[in-house]
Amino acid sequence: IFAQSVSLIDLNESSNTAQLIVGHREAWVDPRLAWEPSSFGNLTTISVGEDDIWLPPVTMYNVVTRKSLFRGNISNTIRIWNNGSVLWTMPVMVKAVCIMR
């Protein structure tokens, strides 16, 4: 699991929370999704939507709320390679506990 391109939207000292937009990325290998490119016109990668594939459950600690910004609206947030490698990229808005001293 990777978090990249973090943008701070709001920082609230009284509630000790921070609201962020995070570029959420997960990568894994599922050998059941592998295929032989020569059997499919030398196709080595496909893109699918989040409703078309199993996604691993994710738990973010210190998170008050989490909202997927484009869930269900984009059909190519997941890329699958012919060796079974999977990459899921999605922007997420997170409100997290952020103790300030």
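Numbers at a glance
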read-out: Karplus 3J(HN,Hα) series, Hz, for segment 16-28 with 6.51 cos²θ - 1.76 cosθ + 1.60 (x for Gly, Pro); value: 6, 10, 10, 10, 10, 10, 10, x, 7, 9, 10, 9, 7
read-out: Protection proxy ranking, peptides 29-40, 83-94, average beta carbon neighbours within 10 Å, highest first; value: 83-94, 29-40
read-out: Rounded to whole Hz, the Karplus (6.51, -1.76, 1.60) HN-Hα couplings of segment 34-41, x for glycine and proline; value: 6, 8, 8, x, 5, 7, 9, x
read-out: Pair residue 11, residue 100: separation of 7 Å Cα→Cβ label points (nm); value: 0.7
read-out: Other-chain or far-sequence residues with amide H under 5 Å of residue 30's (modelled H); value: 85, 86
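Rule-based calculations on the coordinates, nothing more; no lab input. Computed from a predicted model, the values in this text were never measured in an experiment. All Cβ positions, glycine included, derive from the backbone under ideal geometry; neighbour counts span all protein chains shown.
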